[in-house]
Amino acid sequence: MKHARGDAAFRLTVTLSGVAVLGVLALMIISTTLDALPVLRSQGLGTFLTGTTWDPGGSRTAITGTYQAGVFLYGTLVTALIALLLAVPVSLGIGLFLSDIAHPRVRGPFVALIDLLAAIPSVVYGLWGLHFFAPVVLKPTAQTLSGGLGWIPLFEGPVIAFNVFYAGVVLAIMVLPIITSIAREVFSSVPDAQRHAAYAVGATRWEVMRSVVLPRSRPGIVGAIMLGLGRALGETIAVALLIGGATAINASIFQPGETVASKIVNTFQESAPEAVRALIALGVTLFAITIVINIAARLIVRRMGDLSGEAVA
Amino acid sequence: MPLGRRARRTALPLLLVGSLVLAACQATGAPSSSDGPRSPSTSAGAGLQANLVGAGATFPDPVYQEWIGAFTAENPGVSITYEPIGSGGGVEQFIAGSTDFGGSDAFMTDDELAAAEKAHGCAAVHIPTVFGAVAVAYNLPGVEGLVLDSSAIAKIFLGEIKTWNDPAIAALNPNATLPATDIIVAHRSDGSGTTSIFTTYLDGESGQWHDAVGKGKEVSWPTGVGGQGNDGVAAAIAQNEGGIGYVELSYAIENSLTVASVKNADGMAIEPTLESTAAAADGIEIPEDLRFNISGVAGKGYPIAGATWVLAYTCGYDAAKADALKAFLRWSLENGDDIARQLHYAPIGEALQVRALANVDRINAAG
Amino acid sequence: MIQTTSLLVRPRAVRSRLAVDRVVTGLVVLSAVVALVPLLLIVGVTVVRGLPAMNLEFLTETFNFSRRTAGGGYLHGLIGSLYMGALAALMAIPIGIAAGVFLTEFPRSRLAGPLRFFSDVMTGVPSVFVGLFVYTLLVSRIGFGTFVGAVSLAIIMLPIVVRASEEILRLVPGDLKRASYALGARQWQTVLRVVLPTAAPGLVTGSVLAIARALGETAPLVLTALAAQTVVLDFQGGGQTALPLLIFREARGAFAAGQERAWAGALELMLLVLVLSVIARYVGRRFHG
């Protein structure tokens, strides 16, 4: 009797813990949205998302300023695109290297090294990017690019010391391990029998990858890229240190920019209460975008079969 | 250490003792401030025991930290923390009562003062500590000693003057050979007191600026490259020939930036220095509550300048805290000038110092 | 799909196929090498720039009052990090493991699917948003400080602990559980006396990795812990600091001495995170091996 009650208490405890986890997520959405609502209502959702004026007021209670997220949404998308453009080919390359080329004895240590890249805190990426990687490596690269392709507005010089390009490249390094770890799992989950079949009819290694491994992995790769995208959109500190900060959209990637996340940490401290609410509205927008991407990505990856959650965490 | 709850709780049982000490303190307070600016106040400060927490503006943070260091070395019983969380946060925390004193680059609005009084039960006072100036830095090889006036600066930052050889600039610099280089405007992209001082100046001087942009810690810039902090703006200027932007004077001096002289109300072209910043407040009408913007600067004063303030309440501290806070502020105002100058902040000058000290004496005076 | 037979009889085509293969294989190997370059550069540069400033003073002292001069250290940041990390662990780990137990013990509950899925989704929530959330929920009411900072870290840890615990608990052999039941033990007794002790090393691994991840977070702390100049032992109120916060602030500051401290701080933080990860994996190997 007493033991049966023990079981009921046990079930209640663990169930409540599960509910608590979901409750935190729900509370997260409700609490921030409630604070963001006055701003969204005063600006209008369409104007808030597409306008490019950010002119905060100083009121403690009312909303007196103009708050439009366009500049920061643009910066968020451009940095994430640069990051993916650079990280995806390399990540897929590493994934193929690990699944189809590397000696099994190399595989383990290599995976551990890539995981190490994921374990480095983002503030360390930011410090390293700001005081080493950008001035030493990226600056000459950017100057060469703008020297040769400067006639394209996207690459127009001069190269400013803090810019969208620097933030995008460092972001690429940061999302690399995420995309790699899923790509590796996806590629490895292709049955060896299929590879052997292709090799048996004389296919080269590349032909096996192209005609067997990659086609079968396509949904998983899409999911991996989207998870990388979600991470790139939300990354804050490294970007805040590298992107400089801007209040208008600049065509050139060698000019400063601002992402939604960097805007929040850059201006939070000096903001009056109404402007803090506007930053919360920015945060809610970012959250909505990343959660949609995340849910879609996980549905795709999940359909691929049950990959261990560890890779995606 | 939230002042609101904790201090009030301890203040209640100590009410009687507190008011006695308070009276004693006021008695000693007056002579110590008339001793003259250089007198060491250790005699008055001996035996002080308190923990003070302040938060606010980042701009004066370096000088506050060194004042705290020097003061607490003389008064080992006192510990003071100042968190550079930004003026916005500084005012909010001060109103909320979670700090003992606030720091802000902008004086509190009537709205904020009313909120503070309502939350705390008595008025808050403004104590100006140092002046900061905003320098207009530029990057134009071969051109030194550039002179600008408010109308030219406004037009440049509005994007109306686009090249360096514009007639408006040429008229101000008859002896300089100005190239046809494009002007690249750099401004702060984060909220800052520096932006506030700069835009307040332009707002007061140029009607066009007032209508198009206005003033504030963060404004909607019609043109230019944004940069995070003084570093971001300085980098944008340094790397672009033709670049122009505004930075804190202390930052410009520290990094040897080329800065423009700016014409004041008397039509004098004044180079931004600590002396010309200190001179800025000389002819200024400063209201009773010490909330003021610096505008219409004349004489030898550099026109783009502003004060930064410590905020404190006229009641609600326990006696030990009030003594320590008053002793610290008095010490800083009387003995802190050298440290301020080393860090390139301009002292507020003797006339204003007397009035600031009077406000220090009002701390906790409302009981 | 693969026209190998027709290609095999044409040697030139074979040669070009082999050439393509060699190029692609080369590119794939190159990409692996390319990925290691930033890793080496980050670790290498942080060690080289951080070591000179990383001395006893740096480890055992707080800021000196003059930021522009060298000297002083990040002791307050280290203590703040450990303080908030420990509080966050106390909040997140019990709930996280319990939720993991729920997922493995009651997999057919209607709650299990959503819990598993949204825990995954939660790991992808931008950490700055977690900071904003705690700001709206707690900071706006009780102010900045250690506790609210710890809450934001706990929320970041929670989904990681849930998913890691579930993975580990699922590895506990069914035979062990059945043996326990056969001896007449109830479910709660089986979980408490058999399942959790068996899985303990793995649970420790998952938890420690989650702590390591939380200790490296900066953005949520900007909005919750805010800042502190000295060692703060208060549970709540008045602000708190952490290693990542100090690195962030001094990295973008104008003083060269501050940037030196930031490098040393980065080295300290990286060592802290790596040591925790190594411990976690060592404990974990005892479980798997």
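Quick note: the coordinates plus some simple rules give every number you see, no bench work behind them. Remember, predicted model here, so these are calculated numbers, not experimental data. So basically every Cβ, Gly included, is an ideal-geometry build from the backbone, and we count neighbours across all protein chains shown.
Close amide H pairs (under 5 Å, H built 1.01 Å from N) link C:VAL172 with no residue at least 5 positions away or on another chain. Would you tally the net charge around A:ALA261, using a Cβ to Cβ cut-off of less than 15 Å, leaving A:ALA261 out, and scoring K and R as +1, D and E as -1? Net charge around A:ALA261: -2.
For A:LEU242, the shell of other residues with beta-carbons less than 15 Å away shows a net charge of -1, using +1 for Lys and Arg and -1 for Asp and Glu.
In straight-distance terms, cross-link reach from B:LYS217 covers every one of the lysines whose alpha-carbon lies under 24 Å from its own, apart from those fewer than eight places away in the same chain; here that gives A:LYS263, B:LYS155, B:LYS263.
The distance linking region C:194-268 with region B:300-367 is 35 Å (Cα centroid to Cα centroid, whole angstrom).
Sites listed here are GluC sites (Glu not before Pro) in region B:249-357 whose DSSP assignment is loop and whose Cβ has at most 15 other Cβ atoms within 10 Å: B:GLU285, B:GLU288.
Across peptide C:37-48, how many C-beta atoms of other chains are within 10 Å of each residue C-beta, on average?
Numbers: counts 2, 13, 8, 1, 6, 12, 5, 2, 6, 5, 0, 1.
What the average comes to for C:37-48 is 5.
Footprinting exposure proxy ranking of A:GLU258, B:GLU160, B:GLU205, B:GLU92, fewest other C-beta atoms within 10 angstrom first, gives B:GLU160, B:GLU205, B:GLU92, A:GLU258.
Taking the C-alpha atoms only, the angle from helix B:110-120 to the longest principal axis of chain B is near 20 degrees.
Using the membrane-span-like helix rule (whole DSSP H runs, Cα extent along the own axis of at least 20 Å, mean Kyte-Doolittle hydropathy at least 0.5), which helices of chain A qualify?
Details: long enough: A:2-43 (59 Å, 0.88); A:70-96 (38 Å, 2.14); A:104-119 (23 Å, 1.02); A:164-188 (35 Å, 1.84); A:214-234 (30 Å, 0.69); A:273-303 (44 Å, 1.43).
Membrane-span-like by this rule: A:2-43, A:70-96, A:104-119, A:164-188, A:214-234, A:273-303.
For peptide B:67-76, the mean count of partner chain Cβ atoms within 10 Å of a residue's Cβ comes to 1.
Exposure proxy for B:LEU113, A:LEU171, C:LEU59: other Cβ atoms within 10 Å of each Cβ, ordered fewest to most, give C:LEU59, B:LEU113, A:LEU171. Residue-wise HN-Hα couplings along region C:92-105, as the Karplus relation 6.51 cos²θ - 1.76 cosθ + 1.60 with θ = phi - 60° gives them from phi, are 7, 5, x, 5, x, 5, 4, 5, x, 4, 4, 5, 8, 8 Hz; Gly and Pro carry x. The helix-based estimate of mean residue ellipticity at 222 nm for the protein assembly as shown, built from -39,500 (n - 2.57) per DSSP H run of four or more residues and divided by its residue count, is -19000 deg cm²/dmol to the nearest 500. DSSP bridge analysis restricted to the protein assembly as shown gives an antiparallel fraction near 60%, rounded to the nearest 5. Averaging Cα coordinates gives a centre for region A:1-64 and one for region A:96-145; these two points are 35 Å apart. Once the C-beta distance of C:ALA256 and B:ASP289 is scaled by a Förster radius of 30 Å, the resulting FRET efficiency is 0.15 to the nearest 0.05. For a straight C-alpha distance cut-off of 25 angstrom, the lysines reachable from B:LYS118 (same-chain residues fewer than eight places away being disregarded) are B:LYS321, B:LYS326.
Here chain B carries DSSP beta bridges of which approximately 60% are antiparallel, counting only pairs with both residues inside.
Say R0 is 30 Å: what FRET efficiency, to the nearest 0.05, do C:VAL33 and A:GLN143 get from their beta-carbon distance? After rounding, the FRET efficiency stands at 0.75. For B:LYS162, the aspartates and glutamates whose Cα comes closer than 19 Å to its Cα, not counting residues fewer than 8 places off in the same chain, are A:GLU156, B:ASP149, B:ASP182, B:GLU241. The angle between the Cα long axis of helix B:193-205 and the main principal axis of chain B comes to about 60°, on a 0 to 90 degree scale. Ranking of B:MET268, A:MET226 by neighbouring Cβ atoms within 10 Å, starting from the fewest: B:MET268, A:MET226.
Amide H contacts for C:TYR74 (H built 1.01 Å from N in the peptide plane; partners 5 or more residues away or on another chain; cut-off under 5 Å): C:GLU61. Coupling constants for region C:175-191 follow from the phi torsions by the Karplus curve (6.51 cos²θ - 1.76 cosθ + 1.60, θ = phi - 60°), and in residue order they are 4, 4, 5, 4, 4, 4, 5, 4, 7, x, 6, 7, 4, 5, 5, 4, 5 Hz; glycine and proline get x. By the gyration tensor of its Cα atoms, with a ≥ b ≥ c the square roots of the eigenvalues, what is the shape of the protein assembly as shown: rounded for a/c under 1.5, prolate for a/b over b/c, or oblate? Oblate, since a/c reaches 1.5 and b/c is not below a/b.
Residues whose amide H comes within less than 5 Å of that of B:VAL53, counting only those at least five positions distant or on another chain, are B:THR81, B:ASP100, B:PHE101 (H built at 1.01 Å from N in the peptide plane). Is region B:134-284 rounded, prolate or oblate when judged by the Cα gyration tensor, a ≥ b ≥ c being the square roots of its eigenvalues, rounded requiring a/c under 1.5 and prolate requiring a/b larger than b/c? Verdict is rounded for region B:134-284. When trypsin sites (Lys or Arg not before Pro) are flagged only if DSSP places them in a loop and at most 12 other Cβ atoms lie within 10 Å, the longest unflagged stretch of chain C comes out as C:111-289. Neighbours of B:GLU218 by Cβ distance under 15 Å: Lys/Arg scored +1, Asp/Glu scored -1, total -2.
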